[in-house]
Amino acid sequence: MAIPILMPKQGQSVESCLIIKWNKKVGDKVKAEEPICEVETDKAVFEVEAPEAGTILKIFYKEGDDVPVLNIIAIIGQPGEKIDHLIPQKTVSVSKEEYVENQKALTPDESLKKTKPSFGTGLIVISPLARRFAEKKGIDFSQLIGSGPGGRIIKKDIEKALLQDEQTSIINKGKKFPGPIKEIKVVGIRKIIAERMLTSLQSTAQLTLNTSVDASNLLACRESLKSGSRMKRLHKININDFLLYLVANILPKFKKMNAHFLKDKILEFKQIHLGFAVDSPRGLMVPIIHNAHLLSLEEISQEARRLNTACQEETILPDELNGGTFTVTNLGTMGIETFTPILNIPQVAILGIGSISLKPIMKEDKIQFIPHMSLSFTFDHRAVDGAPAAKFLQELNKLIANFNLTDIKLP
């Protein structure tokens, strides 16, 4: 009997998956649990397997399509079987909110025509649905003229603006540009990263505090582990491992930083699930060291290396990218002195690590050049005030400046 193959749901937050590659085509025979295609979420790449042996009778999506989870992507069965009852009917679904909005646009309230909208100067009258759609598509609605009641911008106006942008893009393609041009579609994880970064900046009140800290002790400890025999098994530990360890051990004292902001509530977490940014072949990924506050320096170092390798080899699991409560991102290894980290929403804070450079400091009536590391701390001002954020950074500075190997937890 012919059966449908659904796009699996990989985790609660995954709404769609991108089909990267079809391993089979219509008419090919497959074995039970044989991979028929490869798909990509915003978290990982995985294979969709045939639920049973048979022949591929129908494929509904092509490579590069972004498919909602639980949609039928293919049908498997025996050659000649009837499959009409399994083929999804093409219907256009309209949400209740959109339906009501469209009806209002068609039959506007006469009172709204006679009265100017009671909004302050400079505020834009736009429906919540239209605003979400515009933000998702990257449309600037500040100059649009609404067609809804009282000049209200509705979804139809955003769709019209989107179409005009596409037409303008097509026209521009006809213009001559110097040299060859490569057009790259924004799909998969790059699309997810773009949407999340834009949403993060548009939906939060981000503020970044910058400082620098004496890194002399940190460098001395690192050198001691590399050259000494007392703790030989720790010779692979690097500066980033030290910082992950210190952050994990300071966060329990600053619960407001280890939190999520969710519209009308803030969730403070007792456990520290520490994310760290990784530059992988697929783009930016943030694997999570779960319960980092319970781990020793050596265990954090080992887990960070394991997760980084999994990201580079594209074997990272969705669960290893979920559940973070705080994030650390380090561009110092690339020589970047200071930068502005973007919040990994709904987290309320992220720490950026810059490079280590010599800084002139007046010490014992002399100017000495002391190695200093720059720190950039971004927080959501809706959830955290400036003073608590500054105290967190101040306390972290003390831990780094006074760091000693005798302070570390051993496994």
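The values are calculated or read from the model by the stated rules, or taken from the named source; none is laboratory data. Quantities reported herein were computed from a predicted structural model and do not represent experimental measurements. Glycine also receives a Cβ, built like all others from the backbone with ideal geometry; neighbour counts cover every protein chain displayed. These area figures cover heavy atoms from the full protein model, side chains too; ligands, DNA and RNA do not enter into them. Shrake-Rupley method; radii C 1.70, N 1.55, O 1.52, S 1.80 Å.
Output yes when any residue across the stretch 207-227 is aliphatic (A, V, I, L, M) and within 29 Å of PHE133 (Cα to Cα), and no when none is.
The answer is yes, given that some residue of the stretch 207-227 is aliphatic (A, V, I, L, M) and within 29 Å of PHE133 (Cα to Cα).
Table: residues versus (1) within 24 Å of ALA401 (Cβ to Cβ); (2) of a type in the set (Val, Ile, Thr); (3) at pLDDT 95 or above; (4) assigned to a helix (DSSP H, G or I).
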position: LEU198; (1), (2), (3), (4): no, no, no, yes
position: ALA220; (1), (2), (3), (4): yes, no, no, yes
position: SER229; (1), (2), (3), (4): no, no, no, no
position: ALA248; (1), (2), (3), (4): yes, no, yes, yes
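Checking the conditions here, which among GLU299, GLU314, GLU320 is more than 22 Å from LEU405 (Cα to Cα) and in contact (Cβ under 8 Å) with a residue 40 or more places away in the chain?
Result: GLU314 is the single residue among GLU299, GLU314, GLU320 that is more than 22 Å from LEU405 (Cα to Cα) and in contact (Cβ under 8 Å) with a residue 40 or more places away in the chain.
State the number of residues belonging to the stretch 362-383 that are in contact (Cβ under 8 Å) with a residue 40 or more places away in the chain and farther than 16 Å from ASN210 by Cβ.
Count: 5.
Tell me, please, whether a residue that is in contact with a helix residue (DSSP H, G or I) (Cβ under 7 Å, 6 or more places away or on another chain), β-branched (Val, Ile, Thr) and farther than 16 Å from VAL213 by Cα can be found in the stretch 322-332.
yes
When ILE154 is evaluated against the numbered criteria (1) at pLDDT 85 or above; (2) surrounded by 10 or more Cβ atoms within 10 Å (Cβ to Cβ); (3) closer than 30 Å to LEU375 by Cβ, which criterion, by number, is the only one it fails?
(3)
Please specify each residue of the stretch 272-284 satisfying the condition of being open to solvent by less than 80 Å² (accessible area, probe 1.4 Å) and either more than 14 Å from the chain's Cα centre (by Cα) or without any contact (Cβ under 8 Å) to a residue 40 or more places away in the chain (or both).
ILE272, HIS273, LEU274, VAL278, SER280
Within the stretch 23-33, take every residue that is charged (D, E, K, R) and open to solvent by 50 Å² or more (accessible area, probe 1.4 Å) and give me the one that is nearest to the chain's Cα centre (by Cα).
GLU33
Out of ILE56, ILE36, ILE20, which single residue is open to solvent by 40 Å² or more (accessible area, probe 1.4 Å), of a type in the set (A, V, I, L, M, F, W, C), touching a strand residue (DSSP E or B) at 6+ places or on another chain (Cβ under 8 Å) and assigned to a strand (DSSP E or B)?
The unique qualifying residue is ILE20.
Hey, any hits in the stretch 250-262 for a residue that's touching a strand residue (DSSP E or B) at 6+ places or on another chain (Cβ under 7 Å), touching a residue at least 24 places away in the same chain (Cβ under 8 Å), polar (S, T, N, Q) and open to solvent by 50 Å² or more (accessible area, probe 1.4 Å)?
Scanning the stretch 250-262, I find no residue that is touching a strand residue (DSSP E or B) at 6+ places or on another chain (Cβ under 7 Å), touching a residue at least 24 places away in the same chain (Cβ under 8 Å), polar (S, T, N, Q) and open to solvent by 50 Å² or more (accessible area, probe 1.4 Å), so the answer is no.
Name the pairs: first residue in the stretch 327-345 and touching a residue at least 60 places away in the same chain (Cβ under 8 Å), second residue in a strand (DSSP E or B) and open to solvent by 40 Å² or more (accessible area, probe 1.4 Å), Cβ to Cβ under 6 Å, at least 6 apart or on different chains?
Short answer, once both residue conditions are applied: THR338/ASN210; LEU343/GLN206.
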